[in-house]
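These notes are about the structure you will find just below.
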Amino acid sequence: MCQINRFQVIFLAFVLNLFFMLSLFAPVQAEESMSKRLVAIKAAYLYRFSLFIDWPEPVLDSFLMCVVADTETSNFIQLSLYNQVIQSKPIRVISVLKEEDLTACQLLYIPSTVKESTPFLVKAKQNILTIGETTDFYHAQGMIYLYEQDNKLRFFINYLKLKKSGLTARAQLMTLSQLPMEKNSDEKKSQTDK
Amino acid sequence: MKKNHKPISKIFFIHLLLVLASNTQAAQESLVCTPELKKAGGVETFALEDLMQIPMFLSASQQGECTREAASIVSTITGEELLNRGARDLVDALELIPGISFGSNMTNMVGMGMRGMQTDEGKLSILLDGIILTEQRFGITGFGGHFPVDQIDRIEIVRGPGSILYGNFAELGVVNIITKKGHQLDGGVIGGSYGRFERGEAGKNTFLTAGKQWDDFEVSLYTKYNESHRSDRFYHDAQGGSFDMVGYNQSESILGNFQFRYKDLNLHFLVDEYSVDSADGFADKMSLPSKEIRNQFSTYAFNLDYQHHLNKTVQLGARFDYSQQTPWKRTNLYHDGRANKVKESVSIDYYTFDLKSTFSLEGGHYLVMGNSFQFQNYQPTVSNYTGEVPLLGDYTLYGEGVYKTKWANVLLALRFDWYTEYGTNLAPRFALTKQFEKFHYKAMYSQAFHAPTGGNYQLNEEYNQTNEFNREVSPLRPETTHTYEIELGYQFQPNLNVTANIFYIEIQDYFLYSFDANNDDFYANSSKLSTWGLEAILSYQHPRWGKIDMNYSLYQAIEDTSQDFKAVDTAGNILEQTANLGLPTHKVTANHTFPITDSISFNHTLIFSGHRFGYSGSELKHYKSVWIYNMYLRYQDVMVEGLEMGLGLYDVFNSQYQYVQLFNGTHPALPGNTREVRFKFSYRF
């Protein structure tokens, strides 16, 4: 029969200790993983949108993405885009509240958890790209509306609103813009909110 | 004394990491495990069109697939990385994987070593889009100008056994080359390259790939033609002979790969023709001036695969594979006026039928159960052997299940094989894995089982019929491999990852290629061969300075009952107990891609390969450590969109790597290339 050697002893010791240590210290929530995966995909969208938008004024020290009222999401977006640059400037992601001044933001992202977009859209005046996910955002004339269709993310660009704000979207971006189907929008909203 | 401290320090180190890891807060599965996502370094690098194809929520079966992939030590090289590096062939790609080195077999054949062991004789599965290219006669894979690397999607390299899923040849590892599919190509790419050594042509190749998707219908095609030379140096045999390798030892390959998909039905045709000329011969004496030897390998394969999604949790899969191979067709190319003559040829028809069902639950739990039947019709067509080789069949039952808990994904797998000639075998696999916020761990045990091939069978029978000593060698017994692996990884920063693993591999009843005093060959079982080692990978990415990947690998040979892989001097002393022939115990690689502009990048690679031992005849030779430095400049969209050019300088220091034979077969080392300049181009349409 097989003889047990030194490495096999170490391996068994490791596995047994693994059970012991992890059962003591690491009860964690597996469900969070899916939402983080989704945030990583959305962060990629924010980044890619920014590459196809021309702002009238050059970015100074860093490209500022503002995320409404969600510190955890803004931190994760910052981590996801750690290595990327826009207009040769590093990306900085911060969380903002309703009462804050938004003028330094190049991009304002309103996640699905924010039910009322209008107060933020009113404050985000010239030269700020607004991106949102709720039907409220869509009807309140936000610029890029992200929505779910067939388990995939799609987006619609309100070109007039964009132009009025002094921003220009390149043709490659415009060709991918798709109008959401209104009749399903409420369902989409509820799914996105999940 | 010193030896006793090592395990204690290792265990302490592991505990320390565990304590650190236990403070992490939230579980996080891999973000990049769906096929769409894993082809690139990060989802943020995707074009918008590709982002729009990514599912927001993974189905149960996709979650299960992610979990399964986590239960192996896998390295992925993306097509983009290969283009950035200017990889000439699969050797360039695999050299940067920890634990992998290259050496020679015989007759100008280059083979691979992994974790201190030779992967020839059925220990490595090479697949192209799931079709096995490892030859079925002896289980040997020839490298050098053979496999495609241009415009492919990615190469997945599993270091560690994959027998449960990949069968008989996946004892030590699996290399799966995945070409681009129609929806990724959406058009085509045509290209080629030309390279020169210091004193002669290095090689030339051309390829065409094209594909398209129309709703549920998708088609893709990959073809390539390649000619290459092993070296422009002089080969010296062990008996005082030598020849200039310029003009000799060239190889030629043709590959065609056609795939067609309609909904969940996939059809796949593959043609692989590889020819290697040799003037160096089989052993210590070169075959020149009287002749050269040409070894030809051909594979014609067909695969039909259907996946039926019964409902959200149950998926049924049916697969049929057929391949017709002519491996090691040996022709003598005479230089003395005689007509060329085929000396040896076999024909192998290989059939596989596989049915499996996958039960997946939300959260990533899954259970795969399946059975397959494969058989090999092995026919010697030109041979000294006068007998029959029996139909070699194998019925397999296999199952693999994962249950995910908050602190570990528990994987249990079992494979039962019932061979027509070699009895039965039960191979288990067990793994604990989990990825936390910044930390992941894997602890795995796998058993693999490798039954003799038709070639093994024939060689021993032929030896019994023809050897002059009237000896009779026993039929080969199957070999069994036990592998233990532990991997720990930590993300120090979002752009800085470190992963390290330790492994222990033990092969029992190892297949040993042997000779008698007349140089007549046969196989015998050797009781044990084992190694342990560690592999560490550091990956760093900077927005301005690009991406750096570094790795270090170490193996330590432990047991070799036969001593066929040991450096033994004339007095019978083993010069280095911890080293096996032809394979460096230490290896370090560093690769850096620097994006100069959006369309121009510069890549350079440094490979340190430690010293090695090998034989030349009966003389033991020592080969010093070498540093190999390669550079490649890539320019995309040159003047017109889609036109790409690249210029590479390989082995800049002219270190002149030698392919040392990976066992004691008396064959001197094959000289590798000198400094090479290569120009590559392609056009996307």
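The values are calculated or read from the model by the stated rules, or taken from the named source; none is laboratory data. All figures in this text were calculated on a predicted structure; none of them were measured in a lab. Note that we place each Cβ from the backbone using ideal geometry, even for glycine, and neighbour counts take in every protein chain shown.
Here are the numbers for the structure shown:
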{"item": "Condition broken by B:Phe469, with the remaining ones in (1) touching a strand residue (DSSP E or B) at 6+ places or on another chain (Cβ under 8 Å); (2) away from chain A (no Cβ under 12 Å); (3) not basic (Lys, Arg) satisfied", "result": "(1)"}
{"item": "Test result for A:Leu79, buried (at least 19 other Cβ atoms within 10 Å of the Cβ) and within 29 Å of B:His542 (Cα to Cα)", "result": "no"}
{"item": "Members of the stretch A:33-83 that are in a helix (DSSP H, G or I), of a type in the set (S, T, N, Q) and more than 7 Å from every other protein chain (Cβ to nearest Cβ)", "result": "A:Ser35, A:Ser50, A:Thr71, A:Thr73, A:Ser74, A:Asn75, A:Gln78"}
{"item": "Which listed residue, of A:Leu46, A:Leu12, is more than 25 Å from B:Phe436 (Cα to Cα), modelled with pLDDT of 65 or more and either touching a Phe, Trp or Tyr at 6+ places or on another chain (Cβ under 7 Å) or of a type outside the set (Val, Ile, Thr) (or both)", "result": "A:Leu46"}
{"item": "Some residue of the stretch B:606-613 being among the basic types (Lys, Arg) and either part of a loop (DSSP other than H, G, I, E, B) or touching a Leu at 6+ places or on another chain (Cβ under 6 Å) (or both)", "result": "no"}
{"item": "Filter result for B:Phe147 (buried (at least 24 other Cβ atoms within 10 Å of the Cβ), hydrophobic (A, V, I, L, M, F, W, C) and assigned to a loop (DSSP other than H, G, I, E, B))", "result": "yes"}
{"item": "Residue selected from the stretch B:643-667 under the condition of a type outside the set (D, E, K, R) and under 19 Å from B:Gln250 (Cβ atoms), by the criterion nearest to the chain's Cα centre (by Cα)", "result": "B:Tyr659"}
{"item": "For B:Lys312: the one exception among (1) surrounded by 14 or more Cβ atoms within 10 Å (Cβ to Cβ); (2) touching a residue at least 60 places away in the same chain (Cβ under 8 Å)", "result": "(1)"}
{"item": "Positions within the stretch B:399-414 being within 14 Å of chain A (Cβ to nearest Cβ), closer than 17 Å to B:Leu165 by Cα and surrounded by fewer than 20 Cβ atoms within 10 Å (Cβ to Cβ), in sequence order", "result": "B:Leu412"}
{"item": "One residue from A:Lys152, A:Lys115 being within 14 Å of another protein chain (Cβ to nearest Cβ) and not aliphatic (A, V, I, L, M)", "result": "A:Lys152"}
{"item": "Given (1) under 20 Å from B:Thr666 (Cα atoms); (2) more than 23 Å from the chain's Cα centre (by Cα), index of the condition B:Phe511 fails", "result": "(2)"}
{"item": "Among the candidates B:Leu529, B:Leu488, B:Leu538, B:Leu476, residue that is under 27 Å from the mean Cα position of the chain (by Cα) and closer than 30 Å to B:Glu388 by Cβ", "result": "B:Leu476"}
{"item": "Subset tally (residues that are out of contact with any helix residue (DSSP H, G or I) (no Cβ under 9 Å at 6 or more places or on another chain) and under 23 Å from B:Val276 (Cβ atoms)) for the stretch B:146-183", "result": "2"}
{"item": "Qualifying residue in the stretch B:377-398 (condition: surrounded by 15 or more Cβ atoms within 10 Å (Cβ to Cβ) and either of a type in the set (D, E, K, R) or within 14 Å of chain A (Cβ to nearest Cβ) (or both))", "result": "yes"}
{"item": "Verdict on B:Ile596 being more than 30 Å from A:Val85 (Cβ to Cβ) and free of Cβ contacts under 8 Å to residues at least 24 places away in the same chain", "result": "no"}
{"item": "Qualifying residues in the stretch B:270-309 (those that are of a type in the set (Gly, Ala, Ser) and closer than 17 Å to B:His335 by Cα) - the one surrounded by the most Cβ atoms within 10 Å (Cβ to Cβ)", "result": "B:Ser278"}
{"item": "Given (1) closer than 20 Å to B:Arg137 by Cα; (2) among the aliphatic types (A, V, I, L, M); (3) more than 28 Å from the chain's Cα centre (by Cα), index of the condition B:Ala451 fails", "result": "(3)"}
{"item": "Candidate set: the stretch B:550-575, residues that are of a type in the set (D, E, K, R) and not in a strand (DSSP E or B); chosen: the one surrounded by the fewest Cβ atoms within 10 Å (Cβ to Cβ)", "result": "B:Asp569"}
{"item": "When residues of the stretch B:484-500 are limited to those that are of a type outside the set (A, V, I, L, M) and at the interface with chain A (Cβ under 10 Å from one of its Cβ atoms), the one nearest to B:Pro98 (Cα to Cα)", "result": "B:Glu485"}
{"item": "Some residue of the stretch A:87-94 being basic (Lys, Arg), exposed (fewer than 14 other Cβ atoms within 10 Å of the Cβ) and either more than 14 Å from chain B (Cβ to nearest Cβ) or outside any loop (DSSP other than H, G, I, E, B) (or both)", "result": "no"}
{"item": "Selection count where residues are surrounded by fewer than 18 Cβ atoms within 10 Å (Cβ to Cβ) and free of Cβ contacts under 8 Å to residues at least 60 places away in the same chain, scope the stretch B:356-376", "result": "7"}
{"item": "Residues of the stretch B:415-434 satisfying the condition of being away from chain A (no Cβ under 14 Å) and either surrounded by fewer than 17 Cβ atoms within 10 Å (Cβ to Cβ) or not in a strand (DSSP E or B) (or both)", "result": "B:Phe416, B:Trp418, B:Thr420, B:Glu421, B:Tyr422, B:Gly423, B:Thr424, B:Leu426"}
{"item": "Qualifying position, being buried (at least 17 other Cβ atoms within 10 Å of the Cβ), within 20 Å of B:Ala448 (Cα to Cα) and more than 14 Å from chain A (Cβ to nearest Cβ), among B:Phe511, B:Phe522, B:Phe503", "result": "B:Phe511"}
{"item": "Some residue of the stretch B:186-207 being without any contact (Cβ under 8 Å) to a residue 12 or more places away in the chain and part of a strand (DSSP E or B)", "result": "no"}
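Here's the yes/no breakdown for (1) in contact with a Gly (Cβ under 8 Å, 6 or more places away or on another chain); (2) aromatic (Phe, Trp, Tyr); (3) exposed (fewer than 15 other Cβ atoms within 10 Å of the Cβ):
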position	(1), (2), (3)
B:Gln577	no, no, yes
B:Lys587	yes, no, no
B:Ala590	no, no, no
B:Asp598	no, no, yes
B:Ser601	yes, no, no
B:Tyr615	yes, yes, no
